[in-house]
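Since the structure comes first, as structure tokens, the remarks are kept for the end.
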Amino acid sequence: MKKCNGAEIFIESILKEGVEYIFGLPGAVLCELYDKLYDSPVKFILTRHEQAAAHAADGYARASGKVGVCLVTSGPGATNIVTGVATAFMDSIPMVAFTGQVPTNMIGDDAFQEADIVGVTRTITKHNYLVNDVAELSKVIRESFYIASTGRPGPVVVDLPKDVMSAMTEFKYPSKVEIRGYNPNIHGHPGQIDRVLKEIANSKKPLLYAGGGVILSGASKELLELAEIAEIPVVNTLMGLGGFPGTHKLFIGMLGMHGPFCANMATNHADLIIAVGARFDDRVTGRVDKFAPEAKIVHIDIDPSTISKNIKVDIPIVGDAREVLKELNKKLREIEKELPDRKKWLEEINEWHSTHPLSYSKTNGLLKPQFVIEKLYEHTKGKAIICTDVGQHQMWSAQFYKFEEPRSFLSSGGLGTMGFGLPASIGAKLAQPQKTVINITGDGSFQMNLQELATAVQNELPIKIAILNNCSYGMVRQWQSLFYKGRYYATDLHGNPDFVKLAESFGAVGMRVTKEGEVDDTIKQALNMPKTVVIDFRIDRDEKVYPMVPAGSPLKDMIID
Amino acid sequence: MKHTISVMVENKFGVLARVSGLFSSRGFNIESLSVGETTDSTVSRMTIVTRGDDQIIEQVIKQLRRLIDVIKVTDLTEDNFVEREMVLIKVNSDSKSKSEVLEIVNVFRGKIIDLSPRSYIIEVTGDSEKIDAILGLLKPIGIKEIARTGSVAMSRGVKKG
């Protein structure tokens with residue numbers, strides 16, 4: 001058999017895994033690998049910072065459902081991806097991050113550009129590897145893609161020492177993966193499913209609480225079926241948005257800290273909560289001992305460790321959301337006629353909705369961020385991929401854009417990483433080139449990775465960046481306003497650049513909107529332009545995200561306005 | 001409550017760091033941890049003694065099972081099991097306390113494995129409570145140094161199924 005070097009094996013292996021794009025930034029230790037990439041069909045997207053390479057790979061994975069891949073150099077290159085890897089870990093995103101490493105004989109010597117990235121990323125990866133021997137390389141790559149994409153997905157870091165890339169061996173790609181310590185449970189226990197069936201039949205006020213796991217497992221259709229067969233209203237987590245159609249009559253919004261009144265009240269009054277692919281995060285539950293006080297709790301999740309971690313669960317079902325819901329729906333259909341009428345419950349929810357709808361006031365004449373998002377929704381008919389950063393703009397996007405399809409809302413939910421949105425949009429646009437991709441961001445978040453405008457322009461990606469510019473770190477400012485007597489500190493961003501000129505200097509198009517009357521035309525113009533566009537929306541600085549459940553309070557204790 | 005957990009892991013570089021790192025990053029405590037190879041040289045057995053309420057122990061076990069290099073996790077505390085720990089104790093050896101030390105060593109079925117003009121080294125094996133007890137008795141005499149192995153444990157008899 002022909003012998004290949006590590007770099008060639010790397011490329012053969014990722015081609016076997018169907019990798020189309022790699023996001024990354026080169027460096028000394030991987031020069032051999034980059035030389036081999038030169039001749040390969042893999043498309044390399046050169047970012048301007050390694051953190052962005054990781055977020056772009058993550059955005060690609062979120063938008064496509066495939067494994068995102070990034071490739072960076074050793075030392076600072078590797079430590080720069082840490083935030084990106086942690087972001088993917090918290091949101092269970094399938095990603096393989098390859099890092100260069102100093103030659104094996106120098107590991108531990110504090111060599112130039114050496115960092116123990118396997119040690120650094122141990123608790124923020126699903127698994128990680130240091131490849132010591134070229135003979136292990138293809139097996140490690142095979143395993144890393146398998147681990148990243150199966151079970152509860154997550155990032156895997158593979159550290160590649162320089163000498164392993166040039167060492168020779170025979171290339172053989174393993175056809176099967178066998179890891180004795182890793183066997184995710186896919187099918188739910190039939191006995192447990194029957195118990196849920198009984199609960200659904202007896203419940204007067206059931207509620208589906210659907211998270212990112214629905215999207216990750218491709219269970220949107222099954223979730224919709226379940227909701228419709230049993231007439232169960234649905235609340236989404238931030239990560240779950242798009243997993244259930246946002247305009248459906250059974251959809252009542254996002255629950256938690258910034259969920260609409262009706263979603264939190266429904267959670268508070270439900271007698272049965274069926275959690276699907278969600279993990280009872282503190283931003284969702286509020287005060288845990290007051291969460292859903294009247295409800296029996298069913299939890300469907302592929303990761304046993306999420307069950308009864310924060311909230312005691314009555315009926316756990318460990319399995320893939322799609323498989324479990326399929327089974328459940330099949331059995332539900334058999335008893336469909338015996339299921340109770342939910343008219344009263346739905347009316348109750350409607351009542352909450354009509355007394356306290358999501359709303360905002362336009363009386364002061366300033367441009368309102370919610371209005372901008374409503375317009376973005378109208379112009380894209382809810383079909384765009386929205387990537388956000390973190391803060392007020394993220395919550396307004398979650399509240400006012402109605403997501404119709406899975407994989408259309410990409411946001412750093414768990415880690416809450418500002419600077420995620422722009423690089424994630426780059427990955428998303430490459431994954432779904434036919435879709436409109438909009439990065440809704442804030443002036444604070446945008447500046448955390450704005451150098452990636454160069455990546456977007458260089459690759460001619462017509463991404464639209466809508467900056468909801470309030471000249472501050474708005475969410476922290478909101479907390480200071482509500483809980484710290486308006487003593488604003490370290491939240492003022494009056495040193496901001498001129499975002500229009502900034503965009504132009506990168507070769508992108510810059511636009512500015514200061515009045516409501518300009519919003520429609522500007523959005524229309526931006527969407528019709530095959531270019532990277534930055535729109536600087538100068539919004540009301542004091543606009544807040546409401547409702548708000550103060551951290552650690554019960555969900556029913558919302559500040560309405 | 002105290003739990004003794006047996007963890008079968010891949011006998012690979014870095015696995016100990018994964019397991020101990022899990023405890024520190026999730027805020028679980030480790031009272032003792034011991035590792036050794038099993039009859040299958042690719043598998044190591046870790047015995048971890050930890051403390052926590054039922055919910056914490058459930059999380060400890062689930063989080064351990066999440067690790068790719070962890071093959072099997074058993075909470076021995078749920079079962080009938082034996083537990084042993086060994087300790088080496090260096091004590092002062094002046095003529096006054098000599099007989100007292102020898103008596104204590106005898107009662108605990110320990111051994112004196114080193115004898116020098118100024119000190120003895122005593123070896124004792126037993127469960128953690130027995131070790132704590134002998135240490136308590138020797139303390140007034142003057143312990144210079146101790147080295148404990150941490151517990152190793154095994155369930156009794158043959159497991160059903």
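The values are calculated or read from the model by the stated rules, or taken from the named source; none is laboratory data. A quick note: this is a predicted structure, and the numbers were derived from the prediction, not measured. Every residue, glycine among them, receives a Cβ derived from its backbone with ideal geometry; neighbour counts consider all protein chains shown. Accessible surface areas use protein heavy atoms only, side chains included; no ligands, DNA or RNA. Shrake-Rupley method; radii C 1.70, N 1.55, O 1.52, S 1.80 Å.
Taking the residues in the range A:131-161 that are charged (D, E, K, R) and open to solvent by 30 Å² or more (accessible area, probe 1.4 Å) as candidates, determine which candidate is nearest to the other protein chains (Cβ to nearest Cβ).
Ranking the candidates gives A:Arg152 first.
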Report the residue count in the range B:118-161 for those that are free of Cβ contacts under 8 Å to residues at least 60 places away in the same chain, among the small types (Gly, Ala, Ser) and open to solvent by 30 Å² or more (accessible area, probe 1.4 Å).
3
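Just for helices (runs of 4 or more DSSP H) wholly inside the range B:48-160: which have at least 2 residues that are among the charged types (D, E, K, R), farther than 30 Å from A:Val140 by Cα and assigned by the TED database to the domain that holds B:Asn11?
B:54-66
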With the condition kept exactly as written, say whether any residue in the range A:396-403 is closer than 19 Å to A:Thr83 by Cβ and in contact with a strand residue (DSSP E or B) (Cβ under 7 Å, 6 or more places away or on another chain).
no
Are any of the residues in the range A:162-177 open to solvent by less than 20 Å² (accessible area, probe 1.4 Å), assigned to a helix (DSSP H, G or I), modelled with pLDDT of 95 or more and out of contact with any Phe, Trp or Tyr (no Cβ under 6 Å at 6 or more places or on another chain)?
yes
Can you pull out the residues in the range A:321-362 that are closer than 30 Å to B:Val60 by Cα and open to solvent by 30 Å² or more (accessible area, probe 1.4 Å)?
A:Arg322, A:Glu323
Can you name every residue in the range A:164-184 that is more than 14 Å from every other protein chain (Cβ to nearest Cβ) and among the aromatic types (Phe, Trp, Tyr)?
A:Phe171, A:Tyr173
For the range A:242-255, enumerate the residues that are within 16 Å of A:Val214 (Cβ to Cβ) and in a loop (DSSP other than H, G, I, E, B).
A:Gly242, A:Gly243, A:Phe244, A:Pro245, A:Gly246, A:His248, A:Leu250, A:Leu255
Residues satisfying the stated conditions in the range A:285-296, i.e. open to solvent by 10 Å² or more (accessible area, probe 1.4 Å), touching a residue at least 24 places away in the same chain (Cβ under 8 Å) and not in a loop (DSSP other than H, G, I, E, B)
A:Gly286, A:Lys290, A:Lys296
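Here is a yes/no grid of residues against (1) in contact with a His (Cβ under 6 Å, 6 or more places away or on another chain); (2) surrounded by fewer than 24 Cβ atoms within 10 Å (Cβ to Cβ); (3) of a type in the set (S, T, N, Q); (4) part of a loop (DSSP other than H, G, I, E, B):
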residue: A:Asn264; (1), (2), (3), (4): no, no, yes, no
residue: A:Arg283; (1), (2), (3), (4): no, yes, no, no
residue: A:Ile300; (1), (2), (3), (4): no, no, no, no
residue: A:Ser305; (1), (2), (3), (4): no, yes, yes, no
residue: A:Lys309; (1), (2), (3), (4): no, yes, no, yes
Can you tell me how many residues in the range A:58-93 are small (Gly, Ala, Ser), under 19 Å from A:Ile141 (Cβ atoms) and in contact with a Phe, Trp or Tyr (Cβ under 8 Å, 6 or more places away or on another chain)?
1
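Which of the residues that make up the range A:478-491 are without any contact (Cβ under 8 Å) to a residue 24 or more places away in the chain and surrounded by 13 or more Cβ atoms within 10 Å (Cβ to Cβ)?
Result: A:Trp479, A:Gln480, A:Tyr488, A:Thr491.
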Let me confirm something: among B:Val60, B:Val49, B:Val15, which residue is closer than 28 Å to A:Ile311 by Cβ and buried (at least 16 other Cβ atoms within 10 Å of the Cβ)?
B:Val60
Looking at the structure I just gave you, is A:Asn128 open to solvent by less than 30 Å² (accessible area, probe 1.4 Å), polar (S, T, N, Q) and free of Cβ contacts under 8 Å to residues at least 40 places away in the same chain?
yes
Of the conditions (1) under 27 Å from A:Ala135 (Cα atoms); (2) part of a loop (DSSP other than H, G, I, E, B), A:Asp159 clears all except one; give me its number.
(2)
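This table checks each residue for (1) within 17 Å of the chain's Cα centre (by Cα); (2) surrounded by 14 or more Cβ atoms within 10 Å (Cβ to Cβ); (3) within 14 Å of chain A (Cβ to nearest Cβ).
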position	(1), (2), (3)
B:Met1	yes, no, no
B:Val7	yes, yes, yes
B:Glu10	no, yes, yes
B:Ser20	yes, yes, yes
B:Asn29	yes, no, no
B:Asp40	no, no, yes
B:Arg45	yes, yes, yes
